[in-house]
Amino acid sequence: MFLCVLLSCVGIVQCYRSGQVSGACGSMTPGHGTNSAQSSSAPYTVTANRTTFIEGDEITVSLSAQSGDFEGFLLRANQIGSNNPIGTFTVLDNGTQVLSCDGVANRAVSHTSDTEKTLIKANWTAPTSGQLSNIEFSATFVKNFSTFWVGVKSSTVTYNGTVTTVAPTVPSNPDCGTTKVCFSQPSNCDPTTSTGCYFMAVQASSDQSELTIEMFGQADGYVAIGFSDDQQMGNDDIYICGKDSSGFLQVQHAFSTGRSAPNILSLGNVTNIKTALTNGNINCSFTSRNAISTSRAMSTSQYYLMIASGPSSGGNIQFHTTKYVSSTKADILNPSLVTGSAEAFPAILKAHGALMLIAWMTTGSIGMIIARYLKGVAKGHGFGGKDFWFMAHVSLMALSVTATAIAFILVFSYAQDWSGGAHPVLGCLVMILSLIQPIVAAFRCEPQHERRFVFNWAHSVIALAIKSLAVAAIFTGLALFEEYKEDGWMLKVMGGFITWEALMYILQDLNLRAKKKDSEIFSCGSMKPETVLLIVFLMGNLAFLISLLVGIGRS
């Protein structure tokens, strides 16, 4: 028993000998049981080799023992008046290591063993963007388990970046195709002269070991560029130039895994960062020695190029509102001009749109017209005791509900979120009511029942709600397909269809009123007016439907 207690005590004493003390970044206090920090002056000093700094500067920090030695230490930098670590460290001596603080890599430095030390040096690199101010270096020194000093500080290092900050020049395209790979939207636009120009350029060094990257575009929060193996989002290497929580521009490295927000990575080997925000235009340039990582394991220099922009909140990017992708792959090591367009819609989204158009422009619309106006046609003729009009109505509405359900499953299996504004909400309401309608119909009472009117009214109101919501969903969906087109012709075609359908309903209603007075609005031989109007509606309906299906296919 005594041996077990003794061994457990040894474990406690040795628990920090490896220096893995990321959890102490905030307080800087060792978790050495009930022992508290010394209040006397520390026999150690923290010194920096510079008294001023600007963005991206490197400062060497020394931890020295004036007398004796120390077994462990923890070093970090913070702005005066703040307790949050800032900048990144690289180690210079054996027996030292960098630590993550609050999930950010290389924020602090510590020991790797409890060997005796008298001098430790590390390099600190200042941030390249953000709201910077004067800093100080702070260290904890551990002489032994029970004796340690917390918060030993260096002299203040003054921020002097307001004078020497350099902004990037606005990128232009004279070098595109000669020394740079360039991709822009509109094609070949020049950011120096064109408004609404989104531009990216990649220039490889002579030994192809690094890439100089430029990006430019108008956005509320960020502009991002990406390298991809295909023309769809997912498994893309991304660089983001966006506003941080203070409104200053910062460059981030990220990797996308789908339509969700990309995973932010360590910035890695990125240098010479320059940023500028002018009249809503975000402009960033930098040099990267990072390898481009996509889904393919093989090494390549050919990628589809992407540009996206959108809002940000608290330094976090939101779903993009503008996106463009090159029409072909570009070899980023060989200068060229790359053309492109708005990001191509995936086939699964096109299938979703096509099914919804078929369901609520054609099968659903015709099924509703038949139920309202064609009950008197071939009355008493049918199959299994059911009139032809009823069988046609039920069959067409069943097709509409089935197509809606398939479209619903397709789009949510792809998107797995609610992005798209009002459109997904409207689609869900259409889906819910489409499932309720046949359930209500299945429990209807007999036609002669005194409460049959309740079903008739409920059935009609739900049908009107479905039709209205479906039309709104189609308009908002087509707006997403035409997000980057100026003419908006599919929305105009849909507007023409609504007008056409309303005209057919008016004519059918006028004919229904005339029939109640034993009259007709027109005569067409043996064919009844409502049948003629249905055929005319079907022909026009198919013309509008085919036009929109072609438009979706070409989006």
Need the failing condition index for PHE137 against (1) at pLDDT below 95; (2) surrounded by 15 or more Cβ atoms within 10 Å (Cβ to Cβ), just the number. (1)
When (1) among the aliphatic types (A, V, I, L, M); (2) closer than 16 Å to GLY367 by Cβ; (3) within 31 Å of the chain's Cα centre (by Cα) are applied to MET397, the one that fails is (3)
Qualifying positions in segment 24-35 - modelled with pLDDT under 85, within 47 Å of the chain's Cα centre (by Cα) and part of a loop (DSSP other than H, G, I, E, B): CYS25, GLY26, SER27, GLY31, HIS32, GLY33
What's the total number of residues in segment 499-555 that are part of a loop (DSSP other than H, G, I, E, B) and under 30 Å from HIS352 (Cβ atoms)? 2
Kindly indicate whether SER62 is in contact with a helix residue (DSSP H, G or I) (Cβ under 9 Å, 6 or more places away or on another chain), outside the structural domain of ILE282 (by TED's automatic domain parsing), surrounded by fewer than 19 Cβ atoms within 10 Å (Cβ to Cβ) and part of a strand (DSSP E or B). no
Only one residue in MET527, MET494, MET504, MET490 is of a type outside the set (Ser, Thr, Tyr), buried (at least 19 other Cβ atoms within 10 Å of the Cβ), in the same structural domain as ALA351 (by TED's automatic domain parsing) and more than 19 Å from THR363 (Cβ to Cβ), so which one is that? MET490
GLY217 being at pLDDT below 90 and either in a loop (DSSP other than H, G, I, E, B) or closer than 16 Å to GLY310 by Cα (or both): no
For segment 291-306, indicate whether the set of residues that are in a strand (DSSP E or B), of a type outside the set (A, V, I, L, M) and without any contact (Cβ under 8 Å) to a residue 40 or more places away in the chain is non-empty. yes
Residues (in a loop (DSSP other than H, G, I, E, B) and modelled with pLDDT under 85) located in segment 93-112: ASP102, GLY103
Residue list for segment 301-324, filter: closer than 12 Å to SER245 by Cα and among the hydrophobic types (A, V, I, L, M, F, W, C): ILE317
Just to be sure, is PRO447 at pLDDT below 85 and not charged (D, E, K, R)? yes
Tally the residues that are over 18 Å from LYS180 (Cβ atoms), under 19 Å from the mean Cα position of the chain (by Cα) and at pLDDT 80 or above, restricting the search to segment 322-347. 3
What are the pairs, 6+ residues apart or on separate chains, where a residue within segment 113-133 that is modelled with pLDDT under 85 has its Cβ under 7 Å from a residue that is among the hydroxyl-bearing types (Ser, Thr, Tyr) and surrounded by 16 or more Cβ atoms within 10 Å (Cβ to Cβ)? SER129/THR275; LEU132/TYR159; SER133/TYR159
Quick check on this structure: which one of SER309, SER285 is part of a strand (DSSP E or B), within 18 Å of the chain's Cα centre (by Cα) and either hydroxyl-bearing (Ser, Thr, Tyr) or not assigned by TED's automatic domain parsing to the domain that holds GLN203 (or both)? SER309
Could you tell me whether PHE453 is exposed (fewer than 15 other Cβ atoms within 10 Å of the Cβ) and either in contact (Cβ under 8 Å) with a residue 12 or more places away in the chain or not in a helix (DSSP H, G or I) (or both)? no
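Conditions (1) over 24 Å from ASP509 (Cα atoms); (2) modelled with pLDDT of 80 or more; (3) loosely packed, with under 14 Cβ neighbours inside 10 Å; (4) of a type in the set (D, E, K, R), marked per residue:
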{"site": "PHE383", "(1), (2), (3), (4)": "yes, no, yes, no"}
{"site": "ALA392", "(1), (2), (3), (4)": "no, yes, no, no"}
{"site": "LEU396", "(1), (2), (3), (4)": "no, yes, no, no"}
{"site": "THR404", "(1), (2), (3), (4)": "yes, yes, no, no"}
{"site": "ALA415", "(1), (2), (3), (4)": "yes, no, no, no"}
Qualifying strands (runs of 3 or more DSSP E) (wholly inside segment 228-273; at least 2 residues being surrounded by 16 or more Cβ atoms within 10 Å (Cβ to Cβ) and touching a Ser or Thr at 6+ places or on another chain (Cβ under 8 Å)): 236-243, 249-256
Out of curiosity, is PHE73 buried (at least 20 other Cβ atoms within 10 Å of the Cβ) and in contact with a helix residue (DSSP H, G or I) (Cβ under 9 Å, 6 or more places away or on another chain)? no
Considering only residues that are within 16 Å of LEU267 (Cα to Cα) and among the polar types (S, T, N, Q), which ones fall in segment 54-109? THR88, THR90, SER100, ASN106
Picking from ASN49, ASN94, ASN35, ASN84, which residue would you name as being of a type in the set (S, T, N, Q), surrounded by fewer than 17 Cβ atoms within 10 Å (Cβ to Cβ), closer than 26 Å to ALA254 by Cβ and in the same structural domain as VAL157 (by TED's automatic domain parsing)? ASN84
Starting from segment 368-396, take each residue that is assigned by TED's automatic domain parsing to the domain that holds ILE535 and at positive phi and list its partners that are outside any helix (DSSP H, G or I) and surrounded by 13 or more Cβ atoms within 10 Å (Cβ to Cβ), counting only C-beta distances under 8 angstrom and pairs at least six apart or across chains. ALA378/ASP387; GLY380/ASP387
Could you run through segment 148-175 and say how many residues are at pLDDT below 75 and part of a loop (DSSP other than H, G, I, E, B)? 9
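The values are calculated or read from the model by the stated rules, or taken from the named source; none is laboratory data. None of the values given here were measured: they were computed from a predicted structure. Every residue, glycine as well, gets a Cβ built from its backbone with ideal geometry; the counts of neighbours run over all protein chains shown.
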